[in-house]
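The values are calculated or read from the model by the stated rules, or taken from the named source; none is laboratory data. In this text, all values refer to a predicted model and were calculated from it rather than measured experimentally. Glycine also receives a Cβ, built like all others from the backbone with ideal geometry; neighbour counts cover every protein chain displayed. Just the protein is used for accessible areas: all its heavy atoms, side chains included, with ligands, DNA and RNA removed. Shrake-Rupley method; radii C 1.70, N 1.55, O 1.52, S 1.80 Å.
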Amino acid sequence: MSAPMVHARGVRKHYGKLEVLKGIDLTVERGQVCCLLGPSGSGKSTFLRCINHLEKVDGGRLAVDGHLVGYRRHGNRLHELREQEVAQRRREIGMVFQRFNLFPHMTALENVMEAPVRVSGVGRAEAHKTAQRLLDRVGLGDRAAHYPAHLSGGQQQRVAIARALAMKPKLMLFDEPTSALDPELVGDVLDVMRQLASDGMTMVVVTHEIGFAREVGDTAVFMDEGVVVEAGDPKRVLVQPEQERTRAFLAKVL
Amino acid sequence: MTTTTACTGTPPKDHAAPEDLAVVPVRHYGRWIAAVVAFAALIGLVGSLAKNHNLHWDVVRHYLFAGLIFDGLATTLWLTAAAMAIGLGLGTLIAVMRLSTSPVLYGLGTLFVWVFRGTPLLVQIIFWGYAAALYKYVMIGIPFTDITFFRAETNSLLTPAIAALLALGLNEAAYTSEIVRAGIQSVDTGQTEAAHSLGMRPALTMRRVVLPQAMRVIIPPLGNETINMLKMTALVSVISAHDLMSNIQDVYAQNYQVIPMLVVASLWYLALVTLLSIPQAWLERRYGRGASRAGHLSPLQRMLAGSARTSTKKSKNSDNSKEADR
C-alpha cells in the first residue's frame, strides 16, 4: 500500500494576523480527481499553492507522494529544503494557473519545450517532438509557432496544460483554470482536463464548475473560511449536502 | 450590405450617391504660416552661420578628419562601450541585490546607489583621477595581517583612462541598476510562479523568463543612457584621458580656434549618436517578440506602413477569428 498522493493533516497558513487556512485535513489518492470548491477567500487556492510550495505552510503536515512538502526528514529533525531541492520536487507537480501565465516572449512550442530542455536536460530534438505531440493532444498542433498574444484565452490555457504535462508530472494542480475564460471557450479546456482524468492523472482542481466537479471528480471538497466544511462523493456533496453552508453556496452558484 | 442601407433610413435627396462625392479635408492655414515662418528662420540662421568668418570653416575642414581627432574618437568609443558594459553588468547585480530579501544585500545595494548617484559625476571623475593621493599603493591581502597577494603603485594602475573608465562605469551602474530594477518589477509575478512550478530555479527563472521580458522596459532608457554616456565621456577631459574632447581642447589651447574646434567635436558627437540609435531600434524589435504586433516592424516600416498594416493583420487573423477574440 503506497502513500496517498496528497496527504494533509491540520495544515495552517496565515498572512500576518489573518488566518487563511485553519487546519485542513485532506487526502487525495493516486489516480483520483479532487475538486476544491467554495466561495472566494475560502483558502482553496492558497491550499493548492501550498501543495507545490509556492506558499509556505505555517503549521500541520502536508505530504506529496510520501514526502513532506518543503522539508527533508533526518532522524527526528526536519530540515528545510534548499532552493534546488524545492525545484526538484516541483518538477513532479504540474500547475495550471487562472491567468495562464504563459511566457509571452516564447512561442507555444517554446513554452512547452522550455522546462524539459532547461530543467530536465532533455535534448532539443526530443523535446521538440514531445512538445509537438502534447500540443497535438490538446488540439493545438497547428498553433505551435504562435506567440501567446496571438492565441485566444482557451488556446493559451490548453498550451499551459501542455507545458505542465511536458515535465511528466505525477500530480496536476489546477487553480481555477476556466475562471478567466469567455464562456464559449470553457468547454475546450474542460475537455482536455476530462481526457487527462480518464488517462489516470491525479488531479487537484480548484473550480467553480459544479458540473465538471460532479461529472469528473472522485471527491468534492467544500471549503469555507479556511476549513473543510464537507468532503466526499461529489454526487452527494454537490447534490444533497449535509451542511447548511454548502447548501447556501450551491444555491448561489447553481 | 442590406442591413446598412436599411439602417440609414431615408435615402439622401441629392442625386449623387454618397461614395461619388468629393471629400474636402480641413485646411490648417495657421499651421502653414507657422511652418513657413519657422523654415525661413532656420534658413536665415544657417545662412548667417555659413557666412560668419569667425567660424573658420577652413579650420573645421582641416581638423574634421585629423589623426588626432580619430585617436580621440577611438578612446571615446571604447570608453563608452566599456563603461556601459560595467554599468550594465554591475547595475544588474545591484538591481538583483536591491530586490533580494536579504536586508544586508538590499542595504549594500541601496548604499551604492545612494553614493554614486548622489555625488556629481565630475567630482567622481576627479576623485578617481587623484585616488593616488588617498592610497599610494593598491594591495590585495587578508586584512589585519601581513599577508598580501598583490601590491602595486596606485599611479601605475590608475592611468587617466582607467580612472575615467572606473568613474563612468560605477556612476552608470547606479543609474542602470534603477532601470533594471524597474524592468524586473514590471514583469508579472505570475511569470515567476509559472517558472517555479515547472521546477526552474530562481537564477534560471531570472535569466530565461524575467530578464527577457524586462528587456522591453529596460532598452529605451538604456539607449538614452548610452547616448548620454557618449557625451559624458567629454567630462573626462578634466583628467586628460585623451578622449575626443581632451584632444579638441589640446588643439584649441594652442591655436585659440575654440569655436571651430567645438564644431568639429559637435559634428562627431552628432554622427555617433545617430549611429547609436540603429542598434537600439534593432534590440527593441528583438525583445518585442510576441509582445506587440508593431514590435515586428522596423521604425522605417512602421512610418511607411501606416494604415496598410491594420488591413494585412486582419486578413492574417481571419482564419482563426472564430476563437481569437482578443
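Can you give the log10 of the normalised intensity I(q)/I(0) at q = 0.23 Å⁻¹, computed with Debye over equal Cα scatterers of segment B:187-295?
-1.17
Compare each residue of segment A:119-144 in its chain alone against the assembly with all protein chains, and report those whose accessible area goes down by 20 Å² or more; 1.4 Å probe, heavy atoms.
A:Val119, A:Arg143
What FRET efficiency do you get for B:Ala74 and B:Ala182 if R0 is 35 Å and r is their Cβ-Cβ distance, rounded to the nearest 0.05?
0.55
Quick check: residue separation of B:Tyr106 and B:Ala82 times 0.36 nm, minus the Cα distance between them. What number comes out in nm?
That works out to 6.0 nm of additional length.
Taking the Cα atoms of chain A, report the difference between the largest and smallest coordinate on each principal axis, in whole Å and largest first.
Result, largest extent first: 51, 50, 39 Å.
Suppose all protein chains stay in the model; what accessible area per residue would a 1.4 Å probe give for chain A, in Å²?
44 Å²
Using the Cα atoms of the protein assembly as shown to build a convex hull, what is its mean projected area in square nanometres?
About 44.1 nm², averaged over all directions.
Which percent of the accessible heavy-atom area of chain A goes to carbon and sulfur, probe 1.4 angstrom?
The value for chain A is 47 percent carbon and sulfur by accessible area.
At a 10 angstrom cut-off on C-beta neighbours, averaged per residue, how do the peptides B:93-105, B:175-187 rank from highest to lowest?
Highest mean packing first, the order is B:175-187, B:93-105.
Binning every alpha carbon pair distance of segment B:26-183 at 5 Å from zero, what are the percents per bin?
Bins of 5 Å from zero give 2, 8, 10, 10, 11, 12, 10, 8, 9, 7, 5, 3, 2, 1, 1, 0, 0 percent of pairs.
Over segment B:55-288, what portion of Cα pair distances is larger than 23 Å, expressed as a whole percent?
That tail contains 59 percent of the Cα-Cα pairs.
Evaluate peptide A:88-97: per residue, the Cβ atoms of other protein chains within 10 Å of its Cβ; return the mean as an integer.
Mean partner-chain Cβ count within 10 Å for A:88-97: 3.
Please compute how much accessible surface disappears when B pairs with A, both sides summed, using a 1.4 Å probe, and round it to the nearest 100 Å².
It comes to approximately 3000 Å² buried between B and A.
What aspartates and glutamates sit close enough to A:Lys22 to cross-link, taking a C-alpha to C-alpha distance under 12 Å and skipping anything fewer than 8 places away on the same chain?
Leaving aside aspartates and glutamates fewer than 8 places away in the same chain, those within reach of A:Lys22 are A:Asp58, A:Asp224, A:Glu225.
Express the relative contact order of segment B:55-288 as a whole percentage, based on alpha carbon pairs under 8 Å and six or more residues apart in sequence.
Worked out over segment B:55-288, it gives 30 percent.
Cut-off under 19 Å on the C-alpha distance; same-chain residues fewer than 8 positions from A:Lys168 excluded. Which aspartates and glutamates are left, in chain and number order?
Counting by Cα, and skipping residues close in sequence, A:Lys168 has these aspartates and glutamates nearby: A:Glu29, A:Asp65, A:Glu85, A:Glu92, A:Glu110, A:Glu114, A:Glu126, A:Asp136, A:Asp199, B:Glu193.
So for segment A:1-90, Kirkwood radius off the Cα pairs, Stokes-Einstein at 25 °C and 0.890 mPa s: how many µm² s⁻¹?
Estimated diffusion coefficient is 178 µm²/s.
Solvent-accessible area per residue for segment B:55-288 at a 1.4 Å probe radius, Å²?
52 Å²
Could the peptides B:221-234, B:267-280, A:155-168 be put in order, highest first, of the mean number of other beta-carbon atoms found within 10 Å of their residues?
Per-residue Cβ counts within 10 Å, averaged per peptide and sorted highest first, yield A:155-168, B:221-234, B:267-280.
Out of all DSSP beta bridges in the protein assembly as shown, what portion is antiparallel? Express it as a percent rounded to 5.
So the antiparallel bridges in the protein assembly as shown amount to around 65 percent.
From the phi of every residue in segment A:226-238, what ³J(HN,Hα) in whole Hz does the Karplus formula 6.51 cos²θ - 1.76 cosθ + 1.60 yield, where θ is phi - 60° and glycine or proline is x?
Residue by residue, segment A:226-238 yields x, 10, 7, 7, 7, 9, x, 4, x, 5, 8, 4, 9 Hz.
Hey, if we sort B:Ile33, B:Ile86 by accessible area with the 1.4 Å probe, largest down, what's the order?
The ordering from most to least exposed comes out as B:Ile33, B:Ile86.
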